[in-house]
1. Determine whether the range 78-87 contains at least one residue that is surrounded by fewer than 24 Cβ atoms within 10 Å (Cβ to Cβ), under 26 Å from F176 (Cβ atoms) and either modelled with pLDDT under 95 or under 14 Å from the mean Cα position of the chain (by Cα) (or both).
2. Mind counting the residues in the range 168-192 that are more than 23 Å from H99 (Cα to Cα), loosely packed, with under 13 Cβ neighbours inside 10 Å and without any contact (Cβ under 8 Å) to a residue 24 or more places away in the chain?
3. Select the helices (runs of 4 or more DSSP H) contained entirely in the range 105-193, then report the ones holding at least 1 residues which are under 24 Å from Q50 (Cα atoms) and either touching a Gly at 6+ places or on another chain (Cβ under 6 Å) or not aromatic (F, W, Y) (or both).
4. Within the range 146-155, is there a residue that is crowded, with 19+ Cβ neighbours inside 10 Å, out of contact with any Phe, Trp or Tyr (no Cβ under 7 Å at 6 or more places or on another chain) and within 18 Å of H99 (Cβ to Cβ)?
5. Does E72 count as part of a loop (DSSP other than H, G, I, E, B) and farther than 23 Å from P149 by Cβ?
6. For the range 120-140, enumerate the residues that are touching a helix residue (DSSP H, G or I) at 6+ places or on another chain (Cβ under 9 Å) and of a type in the set (A, V, I, L, M, F, W, C).
7. For the structure I just gave you, tell me whether A127 is surrounded by 19 or more Cβ atoms within 10 Å (Cβ to Cβ), modelled with pLDDT under 95 and small (G, A, S).
8. Check Q98 against each of (1) touching a residue at least 60 places away in the same chain (Cβ under 8 Å); (2) among the polar types (S, T, N, Q); (3) surrounded by 21 or more Cβ atoms within 10 Å (Cβ to Cβ) and name the one condition it does not meet.
Amino acid sequence: MNELRGPDGKSLKPQLEMIRGSESVPPIAKLPPGYVLRQVDLEDRHSYSQTFATAFDDPSPFGDLMKHALPEGFFVVEHFSTGTVVAASTAAIYEKSQHPDGHSLQWVVAHSDHRGTGAGQATIAAATQVLADQAPRYSYLSTDDFRIPAISIYLKLGWEPLLYEESQFDRWKRVFGILKMTFNENDWPTTPA
């Protein structure tokens, strides 16, 4: 297994984790003109992979996500004038020892040229709603410490830091400091629901 590293080259393994229950999700903000939120289509593979490459060094997970996505759970935002997928998030099933039900938010991505449009947040909110509707008890996500804009969105949508091991406390405290939010470790769960 490859070790995850941030932009500064420091190891970030294991990733931070968040969970949420089936509580209602805040409404999806309206996208600016020229953008549309929709379900993924097989024809999106190339465009998705190009957008993915602007955010991650990993190979595109498109095929794997298509296999693991919940029904109606793979969302993209298309930029009409270019016909390009500029953001995506997937509600999927990926079982882990800590999360045997496997309901999870996977591979949130936004094209670097379209950040700030709300496209990423729209896909996250839509996929989170699918998870809230379908997850039996809770769902989870894994993220890197340096993905501060995404973590900010997750928190707004009701995701909670999962403090499942001691190293998570200091890392989350640092993230909350960057977000200029108060961190109280007693406010967050230490085990999945």
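1. Within the range 78-87, none of the residues are surrounded by fewer than 24 Cβ atoms within 10 Å (Cβ to Cβ), under 26 Å from F176 (Cβ atoms) and either modelled with pLDDT under 95 or under 14 Å from the mean Cα position of the chain (by Cα) (or both).
2. Of the residues in that region, 4 qualify.
3. Filter on the range 105-193 gives 119-134, 148-156.
4. Checked against the condition, which is being crowded, with 19+ Cβ neighbours inside 10 Å, out of contact with any Phe, Trp or Tyr (no Cβ under 7 Å at 6 or more places or on another chain) and within 18 Å of H99 (Cβ to Cβ), the range 146-155 yields at least one hit.
5. When the stated conditions are applied, E72 does not pass them.
6. I124, A125
7. no
8. (3)
The values are calculated or read from the model by the stated rules, or taken from the named source; none is laboratory data. Computed from a predicted structure; not experimentally measured. Every residue, glycine as well, gets a Cβ built from its backbone with ideal geometry; the counts of neighbours run over all protein chains shown.
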